[in-house]
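K.L.:
Please see the structure below; I have some questions.
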Amino acid sequence: MKRSIAVFIVLLGFPLVMSAIDNLFYVSFASRVIIYAIAATSLNLVLGYGGMISFGHAAFVGAGAYAASICIAEGVASAWLGWPAAIAASALAAWLIGAVSLRTRGVYFIMITLAFAQMAFYLVNSMKAYGGDEGLTLPQRAELGLGLDLGNEVVFYYVALLFLALSLYGLHRVMQSRFGRVVIAIRENEARAEAIGLPVYRYQLACFVIAGAVAGLAGALLASHGKYVNPNVLHWVQSGTLMIMVILGGVGQLWGGAIGAFVLLGLEHVISDYPIPWLAAVAPNYQQHASLGVGLVMLAIVLFAPHGVAGLLSRRRGA
Amino acid sequence: MRGRICSVALSLALASGVQAADKVKVGFISTLSGPSAALGVDIRDGFQLAVKMNGGKLGALPAEVLVGDDQFKPDVGRQIAEKYVRLDKVDFLTGFVFSNIMLAAVPVAFEARIIYVSPNAAPSPLAGRQCNPYFFVASWPNDAYHEAAGQHATNKGYKNAYLIAPNYQAGKDSLAGFKRYYKGNVAAEVYTQLGQLDYSAELAQLRAARPDALYIFLPGGMGINFIKQFVAAGLSTDIPLIVPGFGSDQDIIRPVGEAMLGLFDTAHWAIDFDNAANRRFVAAFEKEYKRLPSVFAAQGWDTAMLIDSGVRGVKGKIEDVEALRKALKAAKFESVRGSFKFNRNQFPIQNYYLRVVGKDSQGRLVNKTIGTVFKDHGDAYVQDCPMK
Amino acid sequence: MSWILILEQTLNGLQFGLMLFLLAAGLTLVFGIMDMINLAHGSLYMLGAFIASTLVQATGSFVAGVLLAIPATAMLGMVLEISVLRTLYARDHLSQVLATFALILIINELTRLAWGSDAALPMPQALSGPVELLPGLRYPAYRLVIIAVGVLVALLLFVLVTKTRVGMRVRAGASNREMALAMGVDIKTLFTLVFGVGAGLCAVAGAMLAPLFAVQVGMGENILILAFVVIVIGGIGSIRGALVGAVLVGIVDTIGRAFLPILFGIFFQPRVASAAGPAIASVMIYLLMAVVLFLRPRGLFPARG
């Protein structure tokens, strides 16, 4: 807990430092990392704690992103309407997809979540009124009122940070509660949980819907941040990217999603934008092949450090 | 060194808001990978060659060109644009091949009052109601080649034309443009997926429809695959094919080959244009890159020359964006297409020609000019543009 | 709506389905015997296409290039299996998914480093024209060849799996791995072999489809999903299921893509119809999968039990 607070203090100070040197690009970049951290944290609930390998999580982020974008595109700029709409849309999607998918097990579950995600992708792609595969450019970010202008990068950053804090705190409380312990019990041994009489399906579905709702919020923030949304947000490769973040950071660890998002996005940016002279001399175009490094790191983690970065950190402190 | 001037600006601490006008920074983002990469590569090569022939300068200031690959993805293009505009603080943005990617990315430039000079994409919304003072077109309005093709089809007396284009803004513009000047009947108007590579289903439909002409707008890899499959299905002997100029230029001639002979197309430029600027361009391009330039390369070259004339016009004071705009609008440069002037929506007014794919004196496949379809042709949307 | 149109579209669907079968066959055996989800299967398809393009250029002959690409890709597949994938059999599905996803990224980038983002594999001149099947139907010769190759490979596989000892062991392993092990089948070597064959099949599909489509990095991801849908429909571990599933998916997808826009075009504008048509057609495949799973939760021809 103390460590978490320390991290937040640093995060709070970050944009002020950046403003001082007039570099708002990195504040904007940091906001994007935070948004992905929220999305990855929501996946962590389903995947890390719940043990459900859902390849369709990008569909919930996308549902939220599109719901929020459509609101703004149609003139409803208020975040107080748009963002709850996004959360509702993604929670509904999660409920529908979860209700069907959770009746299957194993690889069939993975396949069905994948299939649903692709269906959502193709459906959104066909919505020519909202851009189709060109995507939808928004005239503005959502409006929060209260004298806060989300168009200001620093303000947006703090709002996103607030939501990240709420998500992490929420996850922490959920996992400490009885609900959380049941979810973990189901992950550990589903047959036993069932035998004890726990309504496995209902708990898994609830988990799915909560995760979907938070993912939808991340989607709404993403749409406002970039003022742009396109169907690629829903593609199964995006789900894969979120999974990479979760495993990189630490499956089933509270900060797993956030750390994973930070490491992955940070790594990609650093590799492609800051050339390392000796490496460039050996392999001139290495910067365009950042995914190779990401892939290798990820493979290494799966094979040798299954608990991710967060796992390594907590093990080092002898925890 | 294949003419790649590629360097990345670092220095977090040195990034500042005020641009010192001791050099010109250009952010060049295009499709440099994937089946349609040849287009972006040609534009880039034409652009960089022009800068090189200028001694690495644009308008007497040293030029720094940052090159990015949008991978044919709008969100990637937009992210790179954000980086170039906000982090690297470029003075000009340019490069996009495809309208959908460009439309996702240019708002970033417009918001920051950075000028975008388009070497290719010029969709109708930006010609009309949404015309923008920071948007300049060095190529042609999206509809133009299609309008010329439609006029050609009318001139040839075709009665039953079948139309195919991909389902995005430029695709929609293309067929609308064709129909604006084509007076015959439209047998069918088919929209395919952007990036689609397998046209077996569409070709079967085409066979069943029996039109007397086929007009397709399928740029890049899409066109290559379609024409190959069209020929393989035996339809090329039954149905005359008309394409817009970029559907039959060097990037498609190279992979498809002799099957292209006799194909008619319309464009604003051809390799055999006899003016000093073009002769210089074609010779230099062939020498540097060991291949013939396509219309895309010509556009890349003209874009660089236009920017050069703009910077020259403000005598290097590019921080004065309004003066820079005026200088660009004056378009005082030698274009490879002959004369060049801007309409009040900052889209060009120029001639369009009929070309046919034939062999040059060395037996190579090229597009030869055989006639003029339009003289001093503008675009159909300028009346909706509020700019003066 | 002429019969010629329907026939042509059916041939298109058959062609597509048979190529899907080549991918699905390898995938279903890998999954069936070793219970491993291998997302990198699509990458083998991509590698097959790239290797074939190089070999065709080197040998100057389309046939030689494609034939040589098969063992080359098979060997690469086996190396991959021995070095990396073996360690994953004992792990849970999530680890397999993530590790093979990582492999996709790695193989994509290594391919880009070795070949660039794309390669060209031109259609052999002799096959680039049409064949008159019926008066009024001139079908591309090359696509007919693809159908022929697909059918041939299917027959070969069938003979291999049902009529040989190796095939018998493969079927035993797919049906009940523990029992097969107990009966003395050397599962490890058998599996490396199966993986190699699967990779070879991917190479056939990749090389054959390359002249029609673009050979580019990332081409594996799109077709991978379809292959998974096919094996789920067909039943995991069953080659027969893979064939039936693949042809079904191929035809549903092609017929859907071809005729739904026409159907929609009656009611909507061309641009809407052209977007909705292919979208619904793509969704139809997943709906088909959902329906099959609902009626037969283990697929049409499950290998187990």
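K.L.:
With only alpha-carbon atoms counted, please give the Rg and Dmax of segment B:123-175, in Å.
P.N.:
13.4, 42
K.L.:
Of the DSSP beta bridges with both residues in the protein assembly as shown, give the percent that are antiparallel, rounding to the nearest 5.
P.N.:
Close to 45 percent.
K.L.:
Once you average over the residues of A:232-241, how many Cβ atoms of partner chains fall within 10 Å of each Cβ? Could you put the intermediate results ahead of the total?
P.N.:
Details: counts 4, 1, 0, 2, 4, 6, 0, 1, 8, 2.
That average works out to 3.
K.L.:
Using Cβ counts within 10 Å as a stand-in for footprinting exposure, how do A:Leu292, C:Leu263 rank, fewest first? Intermediate results must be reported in sequence, preceding the final value.
P.N.:
Working: A:Leu292 19, C:Leu263 14.
Ordered from fewest to most neighbouring Cβ atoms within 10 Å, A:Leu292, C:Leu263 come out as C:Leu263, A:Leu292.
K.L.:
Now, a different point. Among C:Ala24, C:Ala72, C:Ala64, whose mean-square fluctuation peaks in a Gaussian network model of chain C (Cα, cutoff 10 Å)?
P.N.:
Largest GNM mean-square fluctuation: C:Ala64.
K.L.:
Quickly rank A:56-67, C:35-46 as a protection proxy: mean count of other C-beta atoms within 10 Å, highest first. Intermediate values should be presented prior to the final figure.
P.N.:
Details: A:56-67: 31.2, C:35-46: 25.3.
Averaged packing, sorted descending, gives the order A:56-67, C:35-46.
K.L.:
To continue, here is another question. Enter the angle in degrees (range 0 to 90, nearest 10) between the Cα long axis of helix B:220-232 and the first principal axis of the Cα atoms of chain B, meaning the one along which they spread out most.
P.N.:
It works out to around 10 degrees.
K.L.:
Right, another one. Using the Cα centre of segment A:2-235 as origin and beta-carbon charges of +1 (Lys, Arg) and -1 (Asp, Glu), tell me which of A:Pro15, A:Leu45, A:Asn125 is placed farthest towards the positive end of the dipole.
P.N.:
Projecting each Cα onto the dipole axis, the largest value belongs to A:Leu45.
K.L.:
Note the angle between two axes, namely the Cα long axis of helix B:37-53 and the longest principal axis of the Cα atoms of chain B, as a number of degrees from 0 to 90, rounded to the nearest 10.
P.N.:
40 degrees
K.L.:
Mind ranking B:210-223, A:117-130 by how tightly packed they are, going by the mean number of other C-beta atoms within 10 angstrom, highest first?
P.N.:
Highest to lowest by the protection proxy: B:210-223, A:117-130.
K.L.:
Run the Debye formula on the Cα coordinates of segment B:88-221, all scatterers equal and no solvent, and tell me log10 I(q)/I(0) at q = 0.11, 0.12, 0.14 1/Å.
P.N.:
Log10 I(q)/I(0), no solvent term: -0.46, -0.53, -0.69.
K.L.:
Still on this structure: As a test of the definition: which semi-axes, in Å, follow for segment A:152-230 when you take the square root of five times each eigenvalue of its alpha carbon gyration tensor? Largest first, please. The partial results should precede the final answer.
P.N.:
On the way: eigenvalues 231, 40, 9 Å².
Result for segment A:152-230: semi-axes of 34, 14, 7 Å.
K.L.:
Please report Rg over Rh for chain A, where both radii come from the alpha carbon positions and Rh follows the Kirkwood definition. Mind dumping the intermediate values first?
P.N.:
Numbers: Rg = 19.6 Å, Rh = 20.2 Å.
Value, to two decimals: 0.97.
K.L.:
Moving on to the next point. Based on the alpha-carbon set only, what is the convex hull volume of segment C:45-158 divided per residue, in Å³?
P.N.:
Value for segment C:45-158: 157 Å³ per residue.
K.L.:
When only Cα pairs under 8 Å and 6 or more residues apart are kept, what is the percent relative contact order across chain C? Please report the intermediate quantities before stating the final value.
P.N.:
On the way: 473 pairs, mean separation 104.1, N = 305.
After rounding, I find 34 percent.
K.L.:
Oh, and also: Mind checking Rg over Rh on the protein assembly as shown, alpha carbons, Kirkwood formula for Rh? Provide the component values of the computation, followed by the final result.
P.N.:
Numbers: Rg = 28.7 Å, Rh = 29.8 Å.
Result for the protein assembly as shown is an Rg/Rh of 0.96.
K.L.:
So which lysines pass the test for A:Lys227, namely a Cα distance under 22 Å, with those fewer than 8 places away in the same chain ruled out?
P.N.:
Within reach: A:Lys128, B:Lys73, B:Lys83, B:Lys89.
K.L.:
Here is a further query. Which of B:Arg280, B:Arg325, B:Arg113 moves the most in a Gaussian network model of chain B with Cα springs under 10 Å?
P.N.:
Comparing B:Arg280, B:Arg325, B:Arg113 in the GNM, the peak value goes to B:Arg280.
K.L.:
If you don't mind, another one. Quick one: putting +1 on the C-beta of Lys and Arg, -1 on the C-beta of Asp and Glu, what dipole do you get for the protein assembly as shown around its Cα centre, in Debye to the nearest 20? Spell out each step's value before the answer.
P.N.:
On the way: 79 positive and 60 negative charges, 205 e Å.
The calculation lands at about 980 debye.
K.L.:
So who's got an amide H within less than 5 Å of the one on B:Ala213, skipping anything under 5 residues away but keeping other chains? H placed 1.01 Å off N, in plane.
P.N.:
For B:Ala213, the qualifying residues are B:Asn160, B:Tyr162.
K.L.:
Compute the normalised compactness of segment A:17-118: alpha-carbon radius of gyration over 2.2 N^0.38 Å, N being the residue count.
P.N.:
This ratio for segment A:17-118 stands at 1.31.
K.L.:
Largest first and in whole Å, give the semi-axes of chain C's equivalent ellipsoid, each being the square root of 5 times a Cα gyration tensor eigenvalue.
P.N.:
Numbers: eigenvalues 197, 115, 74 Å².
Semi-axis lengths for chain C are 31, 24, 19 Å.
K.L.:
Rule-of-thumb check for chain B: C-alpha Rg over 2.2 N^0.38 Å? Intermediate values should be presented prior to the final figure.
P.N.:
Working: Rg = 20.2 Å, N = 388, 2.2 N^0.38 = 21.2 Å.
Normalised by 2.2 N^0.38 Å, the Cα Rg of chain B equals 0.95.
K.L.:
Taking only C-alpha pairs under 8 Å that are 6+ residues apart, what is the relative contact order of segment A:2-235 in percent?
P.N.:
Relative CO of segment A:2-235 lands at 41 percent.
K.L.:
Antiparallel DSSP bridges in chain B: what percent, to the nearest 5? Don't skip to the end; give the middle numbers.
P.N.:
Working: 18 of 50 bridges.
Within chain B, antiparallel bridges account for around 35 percent of the total.
K.L.:
With 10 angstrom as the radius, rank B:His146, B:His152, A:His225, A:His269 by how many other C-beta atoms surround their C-beta, starting from the fewest.
P.N.:
Numbers: B:His146 29, B:His152 23, A:His225 20, A:His269 16.
Fewest-to-most ranking of B:His146, B:His152, A:His225, A:His269: A:His269, A:His225, B:His152, B:His146.
K.L.:
Using Cα atoms only, what is the angle between the long axis of helix B:321-330 and the major principal axis of chain B, expressed in degrees (0 to 90) to the nearest 10?
P.N.:
40 degrees
K.L.:
Using the Kirkwood formula on the Cα atoms of segment B:253-388, what hydrodynamic radius do you get, in angstrom to one decimal?
P.N.:
Details: mean 1/r = 0.0600 Å⁻¹.
That comes to 16.7 Å for segment B:253-388.
K.L.:
Comparing C:Val151, C:Val247, C:Val159, which has the greatest mean-square fluctuation in the GNM of chain C with Cα pairs linked when under 10 Å apart?
P.N.:
C:Val159
K.L.:
Next up: Give the Rg/Rh ratio for segment C:192-254, taking Rg as the radius of gyration of the Cα atoms and Rh as the Kirkwood radius, to two decimals. Walk me through the intermediate numbers first.
P.N.:
On the way: Rg = 12.4 Å, Rh = 12.7 Å.
For segment C:192-254, the value is 0.98.
K.L.:
Related question: In chain C, which whole DSSP H runs stretch at least 30 Å along their own axis (Cα) and average 0.0 or higher on the Kyte-Doolittle scale?
P.N.:
Numbers: long enough: C:3-34 (45 Å, 1.68); C:62-83 (31 Å, 1.96); C:93-115 (32 Å, 1.19); C:141-163 (32 Å, 2.37); C:187-209 (32 Å, 1.85); C:239-267 (41 Å, 1.78); C:270-295 (36 Å, 1.82).
Membrane-span-like by this rule: C:3-34, C:62-83, C:93-115, C:141-163, C:187-209, C:239-267, C:270-295.
K.L.:
Any aspartates and glutamates with Cα under 17 Å of the B:Lys52 Cα? List them, leaving off those in the same chain fewer than 8 positions away.
P.N.:
Qualifying aspartates and glutamates at Cα under 17 Å: B:Asp42, B:Glu64, B:Glu286, B:Glu288, B:Asp302, B:Asp308, B:Glu334.
K.L.:
Would you mind ranking B:Glu286, B:Glu189 by Cβ crowding within 10 Å, fewest neighbours first?
P.N.:
Details: B:Glu286 13, B:Glu189 21.
Taking fewest neighbouring Cβ atoms as first place, the list is B:Glu286, B:Glu189.
K.L.:
Now, a different point. Name the lysines eligible as straight-distance cross-link partners of B:Lys329: C-alpha to C-alpha under 17 Å, and not fewer than 8 places from it in the same chain.
P.N.:
B:Lys315, B:Lys317, B:Lys341, B:Lys388
K.L.:
Residue-wise, which Karplus ³J(HN,Hα) couplings in Hz belong to segment A:99-106, taking 6.51 cos²θ - 1.76 cosθ + 1.60, θ = phi - 60°, and x for glycine or proline?
P.N.:
These are the phi-based 3J(HN,Hα) values: 4, 7, 5, 5, 7, 10, 10, x Hz.
Values in this text are rule-based calculations from the coordinates and carry no lab data. The model shown is predicted, which means the values in this text are computed figures rather than measured ones. Here Cβ is always computed from backbone atoms with ideal geometry, including for glycine, and neighbour counts include all displayed protein chains.
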